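*Asks:* One structure coming up, written as structure tokens, with questions to follow.
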Amino acid sequence: MPNNLYQNSALLIIDAQEKIIKPIKNNKSIIKNIKLLQNAYEILDKDIYISEQIPSKLGKTIPELILLKKYKLFDKGDFSIWSNTNLKKEISIKKINNLVVCGFETHICIQQSVIDLLFNNFKVYIAVDSMGSRNDFDHEIGIKRMSEEGAVIGTSESIIFELCKTSIREEFKSISNLIKNR
């Protein structure tokens, strides 16, 4: 499948909730990278989806990741977000076939979501510096598993530049400033 990340693409932030994030090492750095992806997606006027795992028990998405602009929020009980029929409808209506995935935890909800998305013929990019698990080994194995299943591995910055595709687009100056000021 050719690389069309700059077309028909959405950002999927999985379970960035306080009770999930708190025990994860480097959570501040991960959150900063997620925010970087969010800001780039906003500048490029692309869709952003956020999932929350049983928010009544695990809380809402952390305030730093609640945007001023538009985004769509989806609750879930299953580990995989792909079981959410509202998300499926939204993605189908918008003809999205490329998803950049980040959030928490790499080896549980992200991994199960990514595998389901790949199985359903999506091109999935995982922003490895924008996700985490409680221990490094689980994080590393989760990334390895998703890669072996067909996910494309990248960093937040490399994915952002791939989204831009060129430095001559009008939004590039804003994207460049975003990267420089991170």
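*Asks:* Starting from the Cα-Cα distance between LEU58 and ASP75, subtract it from 0.36 nm times their residue separation and give me the gain in nm to one decimal.
*Replies:* Once the chain is fully extended between LEU58 and ASP75, it gains 5.0 nm.
*Asks:* Right, something else. Rounded if a/c is under 1.5, else prolate if a/b is larger than b/c, else oblate: which is region 1-88, with a ≥ b ≥ c the root eigenvalues of its Cα gyration tensor? Don't jump to the answer; show the numbers that get you there.
*Replies:* Details: a/c = 1.77, a/b = 1.27, b/c = 1.40.
It comes out oblate by the Cα gyration axes.
*Asks:* Could you tell me how far the Cα centroid of region 95-128 sits from the Cα centroid of region 18-73, in Å?
*Replies:* About 15 Å separates the Cα centre of region 18-73 from the one of region 95-128.
*Asks:* Estimate the FRET efficiency between LYS22 and ARG182 by the formula 1/(1 + (r/R0)^6), using the beta-carbon distance for r and 35 Å for R0, to the nearest 0.05.
*Replies:* So the FRET efficiency works out to roughly 0.90.
*Asks:* Can you give the three extents of the C-alpha atoms in region 100-166 along their principal axes, from longest to shortest, in whole Å?
*Replies:* Projected onto the principal axes, the Cα atoms of region 100-166 cover 36, 25, 17 Å.
*Asks:* How much accessible surface area, in Å² rounded to 10, belongs to the heavy atoms of ARG145 with a 1.4 Å probe?
*Replies:* About 100 Å², ignoring ligands and nucleic acids.
*Asks:* Mind checking which of GLY142, GLY77, GLY103 has the largest fluctuation in a GNM of the chain, springs on alpha carbons under 10 Å?
*Replies:* GLY77
*Asks:* To continue, here is another question. Please compute the modelled spin-label separation between SER29 and LYS95, points set 7 Å along Cα→Cβ, answer in nm with one decimal.
*Replies:* If labels sit at LYS95 and SER29, their model points lie 4.0 nm apart.
*Asks:* Here's another thing I want to ask about it. Output the antiparallel fraction of DSSP beta bridges having both residues in region 1-90, as a percent to the nearest 5.
*Replies:* Taking every DSSP beta bridge with both residues in region 1-90, the antiparallel ones total about 10 percent.
*Asks:* Sticking with this structure for a sec: Ignoring any ligand, DNA or RNA, what whole percent of the accessible area of the chain comes from carbon and sulfur when the probe is 1.4 angstrom?
*Replies:* The nonpolar share, carbon plus sulfur, comes to 51 percent.
*Asks:* With a sphere of radius 12 Å drawn around the Cβ of LEU5, what net charge do the other residues whose Cβ falls strictly inside it have (Lys, Arg +1; Asp, Glu -1)?
*Replies:* Taking every other residue near LEU5 into account, the sum is +2.
*Asks:* Under a 1.4 angstrom probe, counting protein chains only, how are ILE43, ILE179 ranked by accessible area, largest first? Present the calculation step by step, with values, prior to reporting the outcome.
*Replies:* Values: ILE43 55, ILE179 20 Å².
Result of the area sort, largest leading: ILE43, ILE179.
*Asks:* Considering Cα pairs under 8 angstrom that are at least six residues apart, work out the relative contact order of region 19-164 and quote it in whole percent.
*Replies:* Numbers: 203 pairs, mean separation 37.1, N = 146.
Computed over region 19-164, the figure is 25 percent.
*Asks:* Quick one: net charge around LYS70, please, counting Lys, Arg +1 and Asp, Glu -1 for every other residue with C-beta under 9 Å from its C-beta.
*Replies:* Within the 9 Å Cβ shell, the charges total 0.
*Asks:* For region 1-54, state which chymotrypsin sites (Phe, Trp or Tyr not before Pro) are in a DSSP loop and have at most 10 other beta carbons lying within 10 Å of their beta carbon.
*Replies:* none
*Asks:* For GLY150, what is the net charge nearby, where nearby means another residue's Cβ is under 14 Å from its Cβ and Lys, Arg count +1, Asp, Glu -1?
*Replies:* 0
*Asks:* Provide, as a two-decimal number, the C-alpha radius of gyration of the chain over 2.2 N^0.38 Å, N being how many residues it has.
*Replies:* So the Cα radius of gyration is 0.95 times the expected 2.2 N^0.38 Å.
The values are calculated or read from the model by the stated rules, or taken from the named source; none is laboratory data. Please read these numbers as outputs of a predicted model, since none were measured by experiment. Quick reminder, even Gly has a Cβ in these numbers, built from the backbone with ideal geometry, and neighbours come from all protein chains shown. Surface accessibility is based on the protein's heavy atoms, side chains included, excluding ligands, DNA and RNA. Shrake-Rupley method; radii C 1.70, N 1.55, O 1.52, S 1.80 Å.
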